[in-house]
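The values are calculated or read from the model by the stated rules, or taken from the named source; none is laboratory data. Computed from a predicted model, the values in this text were never measured in an experiment. As a convention, Cβ positions derive from the backbone with ideal geometry for all residues, glycine included, and neighbour counts pool all protein chains shown.
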Amino acid sequence: MEQGFVAKGRVKNGHVVSEVDYVKRVITRKRKPYRRVRKQVLTLSRTLQELFMACRETFNVPGMVPSPHHVQKLCHILDNMRSEDLGLSRDLQFFKPGNVIKENQRVTYTTVYKCDKFSLCIFFLPEKGVIPLHNHPEMTVFSKLLLGQMHIKSYDWVDPDASHNLLHQPSKLRLAKLKANSILKAPCDAAVLYPRAGGNIHEFTAITPCAVLDVIGPPYSREDGRDCSYYTDHPYAAFPNEGISGISGVNEEASSYMWLKEIEMPENSKMDGIEYKGPPITETPF
């Protein structure tokens, strides 16, 4: 989902600055707040370092779903993680509802760390910003809402291995079950999705400006068959029940099922990447 940046200009104090430069100023750390918490900087770095070391242990074998022990350990770290642990503050202008930079602003991301086994990324959603319905093939993802309030909707395929839940028509609609359709407000616990369970296909819509930390293992890789696909969802009742015989409980719980159709990458999926300027990660523990 990492996309290129298309520059847009705006006037600030009589000078034209690019949109990404303006956003970069309001979402990355500032010197003044860090002077006030100088004694806490080492502690904040240790928190992020602890997450990094746990990820390195958890995703040691590429392609393996983490064990329950490792999932519990990562969730414990993420559940207790604060926005300040990544150099972010709710006082920054970006996170104030109705801020002046929301006009035509796209979702922004920054990569905290990335290797061939896992990645740590922060996504910044402006008010009403959307990360469209997309999947995470053969990946385990831990999502932690650091700041803001957002709506999340997620699905799992009814049967990821079978073709009998595919309508026999050119539209290629595929049956999925709704796993989550709720509003999250920070601070909250981390959510975990697995390659075949937990809401592997999900969508984020920001109610207020948000920051979301994603721990992804392994990362997206087109060369390794882990490319991102996008979908639109359609009510179960909107199409005939062809090709779903043998799936128990569908008719009785029709409201919990939707037809998903794969689509080309939507325009609102494009993101602007910025440099990470939060607390650093070291390859060896302190």
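Whenever a residue of the range 44-73 is more than 25 Å from G225 (Cα to Cα) and assigned to a loop (DSSP other than H, G, I, E, B), it has no partner that is among the small types (G, A, S) and at pLDDT 95 or above lying with C-beta atoms less than 6 angstrom away and at least six residues away or across chains.
The set of residues in the range 149-180 being modelled with pLDDT of 75 or more and in a loop (DSSP other than H, G, I, E, B) consists of V158, K172, L173. Looking across L146, L92, L133, one residue alone is at pLDDT 90 or above and touching a helix residue (DSSP H, G or I) at 6+ places or on another chain (Cβ under 6 Å). It is L146. Would you confirm, using the coordinates I've provided, whether E203 is out of contact with any Phe, Trp or Tyr (no Cβ under 6 Å at 6 or more places or on another chain), at pLDDT 95 or above and either surrounded by fewer than 17 Cβ atoms within 10 Å (Cβ to Cβ) or of a type in the set (D, E, K, R) (or both)? Against the criterion (out of contact with any Phe, Trp or Tyr (no Cβ under 6 Å at 6 or more places or on another chain), at pLDDT 95 or above and either surrounded by fewer than 17 Cβ atoms within 10 Å (Cβ to Cβ) or of a type in the set (D, E, K, R) (or both)), E203 qualifies. Can you find a residue in the range 23-39 that is touching a strand residue (DSSP E or B) at 6+ places or on another chain (Cβ under 6 Å) and at pLDDT below 75? Yes, the conditions are met somewhere in the range 23-39.
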